[in-house]
């Protein structure tokens, strides 16, 4: 399976995500934001954490206009997999690939801590290795992770079982304690927590491995 | 444009003292131009020239088999085996942070990161040591909020994990907070980049962000005492842009890998002036700059402004001419400025051209190597009066006084605002004795700590200097790391006062002795003097940042005590309460001598801990608050209670040095005791971890209640 990890000039979790993909058995290629196309045969695109263009104003808004973002959109339109983590989640909402927005944290401060997440659905190729309701420990590190969506959109996410993860103790004030959401076709996942920082016990948790393992298995079957 | 006339007032406003003015006239053989005066002022101020401290800094140990490059470059370089090196330094940004806390602290972080990646290293860890005034002082909450937010905003966006540091509060910092920022990076030992230019006629290239008027005169400002006109100095504080710094990092590392770089220097204090002079001086060359070619953010900038601007995220490089196209392409890829602004010249001249005019023409070597150097008068600090009668206090009341004080309460409010895990190599996050980061792609790891106890240094500078190094040694040891080397960030008051200079000289003596005894040479550092407001000095605060090596991850001691683990004390307890945290926090008493530091015992006990790590589940060093606070913190972090079979205030709260508290599985005690006896190390079983109650000195309280106080006191007391 082939994974592409995008680097915007202010990405800073791109290497970490590439390492996590590789550890799960993916063949990984790095992609520069000025590229117009993804490498041939890419199965999943990783949009990493960081501060894509400094993100002094609206996080991810400029990245959504990068040349590579058009290629990511075409990939998703073709039914390709996309994983956006932290700033990557913000970019995917700015691109309109996922509904809702990430507002400033309710506490108005950056929050870095390892939190307990609940797996809200196991019915996706990102979460199938987990059990629904399973609690996993994954770090968060963000200033703008307060997921917000209109009532209708929230009802729809719930009705279509598209909430992937929720916080056991909400660090940012997000609606419905939402930590990650899926696209309509369940092949685009955006999440604020960093599974790539939880891939071995020495880092404090290996609970993030399940996500990459799910993806590997799910894509093999797809 | 006509330049201002050079009057006595103008000279004084540039911080040039009368004897320095004479020296300046001698060097030039004429009156300086306005631009030249600015250049001399920037190079000869305390911040850049170290003129008051240099003769004492020379006495520090700076070499050892592990040292690849000691002080004098942008940062120190230390061998960590396998052809790899760790590159680190600590630097203050005190004055700017007091004036504009967010930007002052942010640019402090930016500056120290540049010092590290200028040498070819990718930053892998950051720390910061912060000292604020009393929590109820009207400025404190504003400063704490701004400084922490500023550090976070810069480090988090840049993408370096912040893994440790210190936060303290004391009235002596009411008018002058301290912000000391540490950064460490990783590079191949044979690919380190230095600042000495070489070759005549080589292009001098300007890299990074554009030059604006921000920070003009900042280094001179940082070398003056504060008074009530301080608010007017806000325009001298620079504004940070971590996004540009991140791009500058990536572009510089790509550029270095391309082989285009002869020498490189970041533009920090005194910007273009200091970086160009350093490169020329170290290479024994002159430098000619054509300022019309400098990328400018604002129109109509004068030569004076460009030479003194402290705009951030800029570098100066001497380039191999044949690589120009390749180098330019890398910077264009990252959307950064790249401009040839001058060249190296054979004569000893610093020649600045702007328009068709010569704005400055100074013998370059006279600006740096021949800068003024003072042996300022100093008086030794008199021995403190002995500690008198100590008031009585129950163990729980003593503990509550400590954990309820912002200096000793849980610091989660601070460090949760810092990304401590970016890079996915952080093995120990803040809150334990030292932060630990794996060397990417290897089984090795590096440990980082920053330490000083300013109360001790004030009472007894020599002992306090020794203690700061000893505590750093212990904190590294407590996570299983072998201490390698240190950086010092020396924050003191006005060196023109003999008693302040005496503190400086004494502290350096102690630091030097401890560094020698514990084999931790000082490889880099920074001196911040004139930390005074309205004539009142800070506590002498020589912060020691130290780095240790874990050759394999098996050497890591990062566990938490388990239910039923024994609490075991390493080292000798005499019950030294002078200058203790307990007396300061519970009674407002700062009296007596600092605890004596036995460097032989420090080394012996540290070696014992590292040699017996397999029998140790968890370890912490004993420092502020003694055994009682160490046992509480260890238990609290594990969600357990703890019972100590120790009574009496001196034994519980005394701050004797060379001590560690261990959590040991009951089955491992006998072996550990035998090893201790063989090594001649005092080792005592003092209690047990477990349950839900903290019990010591015939007093007890539920852990849940104490934990609530410990975790809320910081924000509550500071009013955040």
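Readers should treat all values here as calculations from the given coordinates under stated rules, not as data from a laboratory. Here the structure is a predicted model, which is why all the values come from computation and not from measurement. For neighbour counting, all protein chains shown are included, and Cβ atoms are generated from backbone atoms with ideal geometry for every residue, glycine included.
Of note:
- The sole residue among B:114, B:122, B:168 that is touching a residue at least 40 places away in the same chain (Cβ under 8 Å) and closer than 21 Å to residue B:529 by Cα is B:168.
- Per the conditions (1) touching a residue at least 60 places away in the same chain (Cβ under 8 Å); (2) part of a loop (DSSP other than H, G, I, E, B), the sole criterion not satisfied by residue B:441 is (1).
- Subset of the range A:5-51 that is away from chain B (no Cβ under 11 Å) and within 14 Å of the chain's Cα centre (by Cα) - its residue that is nearest to residue A:192 (Cα to Cα): A:47
- Hey, residue A:85 within 14 Å of another protein chain (Cβ to nearest Cβ), buried (at least 22 other Cβ atoms within 10 Å of the Cβ), closer than 25 Å to residue A:208 by Cβ and in contact (Cβ under 8 Å) with a residue 24 or more places away in the chain or not: yes
- Positions within the range B:394-414 being closer than 27 Å to residue A:114 by Cβ and either within 14 Å of chain A (Cβ to nearest Cβ) or more than 27 Å from the chain's Cα centre (by Cα) (or both), in sequence order: B:410, B:411, B:412, B:413, B:414
- When residue B:303 is tested against (1) within 14 Å of chain A (Cβ to nearest Cβ); (2) in contact (Cβ under 8 Å) with a residue 40 or more places away in the chain, just one condition goes unmet, and that condition is (1).
- Every test in (1) assigned to a strand (DSSP E or B); (2) within 14 Å of another protein chain (Cβ to nearest Cβ); (3) under 24 Å from residue B:525 (Cα atoms) is passed by residue B:427 save one, and that test is (3).
- Looking only at residues of the range B:430-472 that are within 13 Å of chain A (Cβ to nearest Cβ) and farther than 19 Å from residue B:88 by Cα, we find that the one that is surrounded by the most Cβ atoms within 10 Å (Cβ to Cβ) is B:432.
- The set of residues in the range B:245-254 that are within 11 Å of another protein chain (Cβ to nearest Cβ), touching a helix residue (DSSP H, G or I) at 6+ places or on another chain (Cβ under 7 Å) and under 16 Å from residue B:187 (Cα atoms) comprises B:249, B:251.
- Search result, residues across the range A:161-206 that are within 14 Å of another protein chain (Cβ to nearest Cβ), closer than 22 Å to residue A:48 by Cβ and not in a helix (DSSP H, G or I): A:171, A:172, A:192, A:193, A:194, A:198, A:199, A:200, A:204, A:205, A:206
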